[in-house]
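The structure appears below as structure tokens.
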Amino acid sequence: MNRSHPMPRDPAPVPMEALLATELPEGDGWQYEPKWDGFRCIARRDGDTTEMISRSRKPLGRYFPEVLEILGQVKEKRFVLDGELILPLADRLDFEALQMRLHPAETRIRRLAKETPAQLMLFDILRAGSKGFASKPLSDRRSALERFHSANSVDGLLLSPATTDRETALGWLKRSGGALDGVVAKRLDQPYRFGERAMVKVKQMRTADCVVGGFRYAEKKREVGSLLLGLYDEEGLLHHVGFTSAIAAKERPALTKELEALIKPPGFTGNAPGGPSRWNTERTGQWKPLKPKLVVEVRYDQVTGRRFRHGTALLRWRPDKAPKQCTFEQLAPELKPSEIAELFGS
């Protein structure tokens, strides 16, 4: 029977991290891998004890019991693996569904584990049986990982593709933004460097023209702190899709006056921003709705559930663009199952 409590013998390893770059490195000696849109996870097993640890060294097994069961079915009784928890749902990998698992109610977790089971995508190996691989170069670790996966084939335990061909990696990068969160490059001659930013990640940065459907004041001043962004759907409804706070300090006073002159409900006619959170004051948590008059071009990296995952960069104002032209059609399509299959050569 598997237990998800921490193993007492060793502290959980701190995974190797990545530096964000604008381009994939060139030259010999690099291995490229897809960067999957999920939760980073160190998976460990020692006999009957199995655990999964997040990048922040928090236990994940309680929230993903079905993946613990997968690891418990592996023939090898002792291992330490590095990978990504992913959750295929409909025609994409669903990051929001992963986040829903981080919930205190065990009954809900068990129900979701059956309805939307997660999988583990492997991309590195630190130990198998009595053999340790962390000090070995990546070329050796990759070979060992492939042997491990071949000998311990279990449904839901996947092996991430890898290539030394930069053109193939550039193809992955072009289709990132859905199931893929970018591409990672690692040196083939490098050992596993715990806790260090010893690999390179590149994300596909895209742009979109968005309607400014509202704004929030800054925390300590009655000046604009962030712009709330919207896109129109096929029915003409304006949905909140994200925000940008990249506004130059010298521009904020004049912009605040311009925005305040446009305040008028409802701002968003579809999905609207939430209210204040427990961490915000009443002023900073609430938002002011605007007439749909202003358009900005922003740069984004990832879309989840038709929303920008992270804050966006404000590139420029678009007075030449009609607000109604700002539709969801601009956003990059998410990766479909057939394209995911292509990555595995099937």
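The values are calculated or read from the model by the stated rules, or taken from the named source; none is laboratory data. All of these numbers come straight from a predicted model, not from anything done at the bench. We place every Cβ from the backbone using ideal geometry, glycine too, and count neighbours over all the protein chains shown. Each accessible area value is taken on the protein alone, full model and side chains, heavy atoms only, with ligands, DNA and RNA left out. Shrake-Rupley method; radii C 1.70, N 1.55, O 1.52, S 1.80 Å.
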> Mind ordering 96-105, 59-68 by average Cβ neighbours within 10 Å, highest first?
Replying inline: 59-68, 96-105
> Which of the helices in the chain meet the span-like rule: DSSP H, Cα axial reach of 15 Å or more, Kyte-Doolittle mean at least -1.0?
Replying inline: 138-151
> Going by the alpha-carbon gyration tensor, a ≥ b ≥ c the square roots of its eigenvalues, is segment 81-196 rounded (a/c under 1.5) or, if a/c is not under 1.5, prolate (a/b greater than b/c) versus oblate?
Replying inline: oblate
> All other residues with a Cβ under 13 Å from the Cβ of PRO319 taken together, and with Lys, Arg as +1 and Asp, Glu as -1, what is their net charge?
Replying inline: 0
> Taking the Cα centre of segment 1-144 as origin and charging only Cβ (+1 Lys, Arg; -1 Asp, Glu), how large is the dipole, in debye to the nearest 20?
Replying inline: 780 debye
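Explain nothing, just the number: dipole magnitude of segment 55-97 about its Cα centre with +1 on each Lys and Arg Cβ and -1 on each Asp and Glu Cβ, in debye rounded to the nearest 20.
So the magnitude is around 380 debye.
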> Ranked highest first by the average count of other Cβ atoms within 10 Å around their residues, in what order do 42-52, 216-226, 201-211 fall?
Replying inline: 201-211, 42-52, 216-226
>> Taking the alpha-carbon distance from LYS264 and a cut-off under 22 Å, which lysines remain once sequence neighbours fewer than 8 residues away in the same chain are dropped?
In response: LYS221, LYS288, LYS291, LYS293, LYS321, LYS324
> What are the aspartates and glutamates whose alpha-carbon lies under 18 Å from the alpha-carbon of LYS257, with same-chain residues fewer than 8 places away excluded?
Replying inline: GLU219, GLU223
> Accessible area per residue, 1.4 Å probe, Å², for segment 52-93: what's the number?
Replying inline: 44 Å²
> For the charge dipole of the chain, defined by +1 on Lys and Arg C-beta atoms and -1 on Asp and Glu C-beta atoms about the Cα centroid, which residue among LEU294, LEU262, PRO25 has the Cα displaced farthest towards the positive pole?
Replying inline: LEU262
> Among the lysines, which fall within straight-line cross-link reach of LYS58, defined as a Cα-Cα distance under 30 Å, with same-chain neighbours fewer than 8 residues apart omitted?
Replying inline: LYS35, LYS75, LYS77, LYS114, LYS131, LYS136, LYS186, LYS201, LYS203
> Where is the GNM fluctuation largest for the chain (alpha-carbon springs, 10 angstrom cutoff): GLY305, GLY182, GLY129?
Replying inline: GLY129
> How large is the charge dipole for the chain, taken about the Cα centre, if only the Cβ atoms of Lys, Arg (+1) and Asp, Glu (-1) carry charge, to the nearest 20 debye?
Replying inline: 1240 debye
> segment 213-279 to segment 148-181: how many Å between their Cα centroids?
Replying inline: 38 Å
>> Based on the alpha carbons, how large is the Rg to Rh ratio for the chain when Rh follows Kirkwood?
In response: 1.02
> Out of SER226, GLY61, LEU126, whose Cα points farthest toward the positive end of the dipole of the chain (charges: +1 Lys, Arg; -1 Asp, Glu; placed on Cβ)?
Replying inline: SER226
> Carbon-plus-sulfur fraction of the accessible area of the chain, 1.4 Å probe, in percent?
Replying inline: 50 percent
